[in-house]
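Chemist: Quick one: the structure is below, questions incoming.
Derivation of every value follows stated rules applied to the coordinates shown; laboratory data play no part. Quantities reported herein were computed from a predicted structural model and do not represent experimental measurements. Counting neighbours? That spans all protein chains shown, and the Cβs are built from the backbone with ideal geometry, glycine included.
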Amino acid sequence: MVSKRVVLQFTHSLVDQPIVYKLVKEFDLQFNILRASVTPKEEGLMVLEISGKKENFEKGVEYLKSCGVKLQPLSQDVVRNEEKCTNCGVCVPICPAEALVVDPKTRKVIFHNKKCIACELCIKICPPRAMEVHF
Amino acid sequence: MKTIKEINEKIKKGQVVVVTAEEVIDLVREKGVRKAAEEVDVVTTGTFGPMCSSGAYFNIGHSTPRIKIGGGTCKLNDVPCYTGLAAVDVFLGATAIPDDDPRNKVYPGEFKYGGGHVIQDLVSGKDVRLEATAYGTDCYPRKKLETLINIKDLNEAVLFNIRNCYQNYSVAVNLSNKPIYTYLGMLKPELGNANYCSAGQLSPLLKDPEYKTIGIGTKIFLGGGTGFIAWQGTQHNPQVPRKDNGIPQFGSGTLAVIGDLKQMKSRYLVGVSMAGYGVTLVVGIGVPIPVLNEQVLKNAAVQDKDIYTQIVDYSSDYPQRVASSLGEVSYEQLKSGKITIKNKEVPTGNLSSYSKALEISEELKSWIKKGDFILSEPVAPLPGKESGYSFKPLKERPVKP
């Protein structure tokens with residue numbers, strides 16, 4: 001079994017295709033939609049947690065690529081600008097994924113990149129705007 | 001018993017014993033108050049949080065031909081300054097925002113750039129665009145000025161904050177069913193989070209709760225440089241209820257502080273954006289507490305578990321000025337990451353950086369140890385409880401036509 005968080009970017013022509021349905025039907029994969037949006041230029045963006053057998057996961061990824069969906073692992077997307085972060089901690093209770101936590105010893109804020117679901121809640125509430133999103 | 005003069009002699013001889021307001025806690029636990037008070041000469045405190053009543057004034061120097069900005073307009077990177085002063089003196093407030101900022105028209109507003117950011121940019125050494133207009137006089141004929149300025153070329157650049165360093169502050173929560181955006185951050189509906197803003201056991205006025213050593217004229221660490229306490233801050237209120245240890249259970253004392261902006265560092269003066277609320281400046285302040293006697297040390301050794309504050313609903317009670325508390329919590333509970341309100345476990349967030357506060361107390365400690373920072377004697381005390389000084393609400397009166 002594997003479970004990975006990925007960002008899918010769809011072009012205009014793919015927005016109306018039942019791509020995620022096929023992941024379930026043909027590759028027996030489970031998915032959890034963490035985020036989905038269609039941008040003004042009608043490009044689709046979806047953040048999924050996909051889990052299933054390793055071989056099915058790989059086949060599913062192949063299928064997505066063959067359709068023209070751009071794929072990237074989620075962990076690259078939200079980054080903390082270490083220069084800007086003041087380690088206040090106001091983001092900590094806002095993060096739904098517990099990706100932002102206070103180190104009880106140093107009282108500094110730790111960002112667990114791998115737990116991040118890219119909901120972007122921290123982006124706009126960070127006072128020094130230290131959380132950045134790079135799509 | 002020691003005097004500030006004696007402590008300063010020790011600083012000059014390199015014999016001074018300085019500990020931070022965190023270290024003193026362990027020291028008292030180990031050695032007891034009496035022994036610790038004999039050994040320690042100075043306790044350094046620190047705080048690093050948003051302080052909205054911050055600002056800076058500048059004298060930009062006279063142009064050729066001369067311009068009288070006083071009574072005209074002046075903007076720094078599009079952020080308006082106060083110009084009701086002499087020809088080339090302007091004051092910039094931390095919360096000022098450009099005229100064309102959309103504010104909360106698209107709610108919650110982003111408030112990307114304002115006075116706090118301009119102050120940080122200047123301190124970082126960045127050029128800032130100044131645009132001024134004037135009505136023109138016989139002696140100051142010029143009506144328009146547009147130029148880049150840099151902090152190093154200004155005659156004076158002075159940070160002058162009329163209310164900083166709150167002695168204690170409420171914890172904000174939201175009892176309503178929609179998210180709200182406050183100066184204490186975003187509050188999720190139905191007690192989704194509880195935000196507080198204090199360095200607790202490191203915070204200057206919590207470690208000298210009755211202002212026995214901190215007074216007007218006290219030299220302090222301000223934004224990475226040195227400054228002074230100029231006055232009690234606005235809304236200073238020594239009258240609030242206190243625990244037996246003398247520590248107020250509500251927001252109470254405040255400080256007005258002043259210092260040379262040119263000495264300061266951008267890591268200790270940070271412009272910030274509070275979503276849906278506005279722009280402000282995060283200010284780093286450290287105040288040295290001279291250990292004049294055992295009581296001073298005992299106060300300075302108070303821990304988070306013995307400092308209490310109130311939980312306040314910011315969806316209705318705070319905006320409507322209803323004085324009510326949903327309960328009292330200690331900073332130890334707040335720092336644990338969750339507190340219980342109305343039988344619900346609520347995660348906490350601090351708007352004030354404890355790690356930065358600690359860094360400031362360490363920095364001030366090293367300055368004193370090296371002999372770079374000599375303590376000053378206060379020239380007047382801050383108004384205490386016995387003064388009768390208090391904080392009153394506005395008495396609104398009808399304006400007759």
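Chemist: Write down the Kirkwood hydrodynamic radius of chain A, to one decimal in angstroms, obtained as one divided by the mean of 1/r over all alpha carbon pairs.
Modeler: After inverting the pairwise mean of 1/r, the radius is 16.2 Å.
Chemist: For the stretch B:79-128, what value does the Rg/Rh ratio take when both radii are computed over Cα atoms and Rh is the Kirkwood radius, given to two decimals?
Modeler: With Rg and the Kirkwood Rh in hand, the quotient comes to 1.04.
Chemist: From the square roots a ≥ b ≥ c of the eigenvalues of the alpha-carbon gyration tensor of the stretch B:1-48, which class results: rounded (a/c under 1.5), prolate (a/b over b/c), or oblate?
Modeler: Oblate is the answer for the stretch B:1-48, as a/c is 1.5 or above yet b/c matches or exceeds a/b.
Chemist: With labels modelled as points extended 7 Å from the Cα through the Cβ direction, what inter-label distance (nm, one decimal) is found for B:E6 paired with B:E386?
Modeler: The two pseudo-label positions are separated by 2.3 nm.
Chemist: Please compute the average number of Cβ atoms from other chains found within 10 Å of each residue's Cβ in peptide B:353-360.
Modeler: The shielding value for this peptide is 5.
Chemist: Cα extents of chain B along the three principal axes, largest first, in whole Å?
Modeler: For chain B, the Cα spread along each principal axis is 70, 60, 42 Å.
Chemist: Based on Cα coordinates alone, diagonalise the gyration tensor for the stretch B:55-159, multiply each eigenvalue by 5, take square roots, and list the semi-axes in whole Å, largest first.
Modeler: 25, 16, 11
Chemist: Sticking with this one: As I understand it, the value is the acute angle between the Cα axis of helix A:54-67 and the longest principal axis of the Cα atoms of chain A; what does it come to in degrees, rounded to 10?
Modeler: 80
Chemist: Rule-of-thumb check for the protein assembly as shown: C-alpha Rg over 2.2 N^0.38 Å?
Modeler: That works out to 1.11 for the protein assembly as shown.
Chemist: Something else: For the stretch A:2-74, how big is the tail of P(r) above 22 Å, as a whole percent of Cα pairs?
Modeler: Counting every Cα pair in the stretch A:2-74, those more than 22 Å apart make up 12 percent.
Chemist: Applying a 10 Å radius around every beta-carbon, put A:116-124, A:38-46 in order of their mean neighbour count, most first.
Modeler: A:116-124, A:38-46
Chemist: If each of A:E82 and A:K4 carries a label point 7 Å out from its Cα toward its Cβ, how far apart are those two points in nm?
Modeler: Inter-label distance under the simple model: 2.7 nm.
Chemist: How many percent of all Cα-Cα pairs in the stretch A:78-133 sit more than 14 Å apart?
Modeler: 45
Chemist: Could I ask something else about it? Please list, or write none, the aspartates and glutamates whose alpha carbon is within less than 15 Å of the alpha carbon of B:K243, excluding same-chain residues fewer than 8 places away.
Modeler: B:D208, B:E210, B:D304, B:D306, B:E328
Chemist: Based on the Cα atoms of the stretch B:112-228, what semi-axes does the equivalent ellipsoid have, where each is the square root of 5 times one gyration tensor eigenvalue, given in whole Å with the largest first?
Modeler: In descending order, the three semi-axes are 38, 25, 13 Å.
Chemist: Restricting the calculation to Cα positions, tell me the Rg (one decimal) and the Dmax (whole number) of the stretch B:133-176 in Å.
Modeler: When restricted to the Cα atoms of the stretch B:133-176, Rg and Dmax are 21.2, 60 Å.
Chemist: Most mobile of B:L281, B:L85, B:L261 per a Gaussian network model of chain B (Cα springs, under 10 Å)?
Modeler: B:L85
Chemist: Exceeding 28 Å between C-alpha atoms, which entries from my cross-link table qualify? They are B:K2/B:K369; A:K115/B:K188; A:K105/B:K12; A:K84/B:K338; A:K115/B:K344.
Modeler: A:K105/B:K12
Chemist: Using label points projected 7 Å from each Cα along Cα→Cβ, tell me how many nm separate B:K243 and B:D100, to one decimal.
Modeler: Distance between the two pseudo-spin positions: 5.2 nm.
Chemist: Averaged over B:265-274, how many beta carbons belonging to a partner chain fall within 10 Å of each residue's beta carbon?
Modeler: Mean partner shielding for this stretch: 3.
Chemist: Something else now. Sequence neighbours fewer than 8 away in the same chain don't count; with that in mind, list the aspartates and glutamates whose C-alpha is under 16 Å from A:K22.
Modeler: Leaving aside aspartates and glutamates fewer than 8 places away in the same chain, those within reach of A:K22 are A:E49, A:E55, A:E58, A:E62.
Chemist: Once a ≥ b ≥ c are taken as the square roots of the eigenvalues of the Cα gyration tensor of the stretch B:1-94, is the result rounded (a/c under 1.5), prolate (a/b larger than b/c) or oblate (a/b not larger than b/c)?
Modeler: prolate
Chemist: Would you kindly derive the ³J(HN,Hα) couplings of the stretch A:95-101 from the backbone phi angles with the Karplus curve 6.51 cos²θ - 1.76 cosθ + 1.60 (θ = phi - 60°), listing them in order in whole Hz, with x for Gly and Pro?
Modeler: 5, x, 9, 6, 7, 10, 9
Chemist: Could you order peptides B:105-114, B:161-170, A:94-103, B:73-82 by the average number of other Cβ atoms within 10 Å of their residues, highest first?
Modeler: Highest-to-lowest ranking by the protection proxy: B:161-170, B:73-82, A:94-103, B:105-114.
Chemist: Same structure again: Counting Lys and Arg as +1 and Asp and Glu as -1, each charge on the Cβ, what is the dipole of the protein assembly as shown about the Cα centre in debye, to the nearest 20?
Modeler: Approximately 240 debye in magnitude.
Chemist: Something else: Taking R0 as 45 Å, what FRET efficiency do you get between A:H12 and B:D78 from their Cβ-Cβ distance, rounded to the nearest 0.05?
Modeler: Efficiency, from the Cβ-Cβ distance: 0.75.
Chemist: Which pairs break 20 Å Cα to Cα here: B:K5/B:K262; B:K152/B:K370; B:K75/B:K144?
Modeler: Check vs 20 Å cut-off fails for B:K5/B:K262; B:K152/B:K370.
Chemist: Under a GNM of chain B (C-alpha, springs under 10 Å), which listed residue has the highest mean-square fluctuation: B:T280, B:T309, B:T133?
Modeler: B:T133
Chemist: What is the average number of partner chain Cβ atoms found within 10 Å of a Cβ in A:121-132?
Modeler: 5
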